[in-house]
Amino acid sequence: MMGFCMVLVTVLSTLFLSRAATASTGPEIIADVEMKNVNEAVLFCNLTNPPSEIKEVLWKKGEEVVFTHKEPPFISVTYTISKVDYHSAGEYVCLFETTPPVNATISVKAAPHVTAYKASENGNEGEKVVLICKSSSYPSVMWSWYKSGENVEINATDDKYKILSVPEKTELHIQNLHIKNDQDSYICEGSNEISAANATIVLRVRSRLAALWPFLGIVAEVIVLVTVIFIYEKRRKPDEVLDDDDAGATPLKSNAATNHKDENVRQRNSN
């Protein structure tokens, strides 16, 4: 009985060790990124114990395939990013085409890139305005708003300001605009673990009467036009009257000449 128990323990130990060895020899990927300089990065993946023959290796960013290794060796592969910026930053995947496929993810991080939706914005006194900034950076940014010349972050807890932010966009809502207090340059700043970047928006506040200026301009143009027409007509009428008088005087002069000729004829006949 004792011998049977020893045999059973030996068999179970062998099975356990076999499974442990199988588990420890499964596929494993070592993946990392190395910065060659400020702009260039080299991504590499090293696969050990592939589950089957490797057909090819794909490098992907999101759903896009950026490079394919079609020729061996496939165990250790690299991909070079010549310029690391907000365009190229993101998550890259090295995908080994085996059965089943094996992959690993590498994060490439860059400084943020921040742009203003509009470089300047106009608003009317007493109304509200919305200033917008955008960022497509990886890692995503945390947003802050400042007024030009002030190092204090704009407080969005009062009724004057309201800030709505998501990683890709931020909005600063300014209520009840005032010409003297609100007309200024505003700075939106986005920061991540790499660094920070900002953009500036110039806010111009128009008077409440600004909307009347186009109407007043039209009225002024009409007044000027009417005045010019009136002066022209006033100066034109005396010339026309004079022309009419000259035209009437000409026939009278002609009749007088005709009568004088008739008298001369009569005098000759009588002689």
Exercise for the section: Could you please give the count of residues in segment 159-208 that are in contact with a Ser or Thr (Cβ under 7 Å, 6 or more places away or on another chain), within 14 Å of residue 122 (Cβ to Cβ) and either assigned to a loop (DSSP other than H, G, I, E, B) or of a type in the set (D, E, K, R) (or both)? Expected result: 2
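Every residue, every condition in (1) closer than 13 Å to residue 128 by Cα; (2) among the hydrophobic types (A, V, I, L, M, F, W, C); (3) open to solvent by 80 Å² or more (accessible area, probe 1.4 Å), yes or no:
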| site | (1), (2), (3) |
| --- | --- |
| 179 | yes, yes, no |
| 184 | no, no, no |
| 187 | no, yes, no |
| 190 | no, no, no |
| 199 | no, yes, no |
| 217 | no, no, no |
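Can you tell which of 139, 72 is outside any strand (DSSP E or B) and either open to solvent by 50 Å² or more (accessible area, probe 1.4 Å) or on the phi > 0 side of the Ramachandran plot (or both)?
Details: 139 fails: either open to solvent by 50 Å² or more (accessible area, probe 1.4 Å) or on the phi > 0 side of the Ramachandran plot (or both).
Sole residue among the options that is outside any strand (DSSP E or B) and either open to solvent by 50 Å² or more (accessible area, probe 1.4 Å) or on the phi > 0 side of the Ramachandran plot (or both): 72.
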Problem - Among the residues listed as 103, 46, 37, the single one being surrounded by fewer than 12 Cβ atoms within 10 Å (Cβ to Cβ) and of a type in the set (S, T, N, Q) - result: 37
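Based on what the data block shows, is residue 163 more than 29 Å from residue 63 (Cα to Cα), surrounded by 16 or more Cβ atoms within 10 Å (Cβ to Cβ), under 17 Å from the mean Cα position of the chain (by Cα) and of a type in the set (Val, Ile, Thr)? Please lay out each step first, then the result.
Values: more than 29 Å from residue 63 (Cα to Cα): yes; surrounded by 16 or more Cβ atoms within 10 Å (Cβ to Cβ): yes; under 17 Å from the mean Cα position of the chain (by Cα): no; of a type in the set (Val, Ile, Thr): yes.
No: the conditions fail for residue 163.
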Practice task
Hey, could you check segment 142-158 for residues that are among the hydrophobic types (A, V, I, L, M, F, W, C) and outside any strand (DSSP E or B) and say which is least open to solvent (accessible area, probe 1.4 Å)?
Solution key: 154
Handout entry: Subset of segment 90-108 (residues that are in a loop (DSSP other than H, G, I, E, B) and either of a type in the set (Ser, Thr, Tyr) or under 12 Å from residue 33 (Cα atoms) (or both))
Key = 98, 99
Exercise for the section: Can you work out which of the residues in segment 103-113 that are out of contact with any Cys (no Cβ under 9 Å at 6 or more places or on another chain) and among the aliphatic types (A, V, I, L, M) is farthest from residue 56 (Cα to Cα)? Expected result: 111
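Quick one: how many residues across segment 111-127 are more than 20 Å from the chain's Cα centre (by Cα) and at negative phi? Can you show your working first?
Residues of segment 111-127 that are more than 20 Å from the chain's Cα centre (by Cα), as a first pass: 124-127.
Those still in the list that are at negative phi too: 124-125, 127.
Of the residues in segment 111-127, 3 are more than 20 Å from the chain's Cα centre (by Cα) and at negative phi.
Yes or no: residue 117 among the aromatic types (Phe, Trp, Tyr), surrounded by fewer than 18 Cβ atoms within 10 Å (Cβ to Cβ) and at pLDDT 95 or above? I'd like the intermediate steps shown before the answer.
On the way: among the aromatic types (Phe, Trp, Tyr): yes; surrounded by fewer than 18 Cβ atoms within 10 Å (Cβ to Cβ): yes; at pLDDT 95 or above: yes.
When the stated conditions are applied, residue 117 passes them.
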Completion exercise
The residue that is farthest from residue 199 (Cα to Cα), considering only those in segment 120-136 that are open to solvent by less than 20 Å² (accessible area, probe 1.4 Å) and not aliphatic (A, V, I, L, M), is 123
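The values are calculated or read from the model by the stated rules, or taken from the named source; none is laboratory data. Computed from a prediction, not measured in an experiment: that's the story for all the values here. Cβ coordinates were reconstructed from backbone atoms using ideal geometry, including for glycine residues, and neighbour counts include every protein chain displayed. These accessible areas exclude ligands, DNA and RNA; they are computed on the full protein's heavy atoms, side chains included. Shrake-Rupley method; radii C 1.70, N 1.55, O 1.52, S 1.80 Å.
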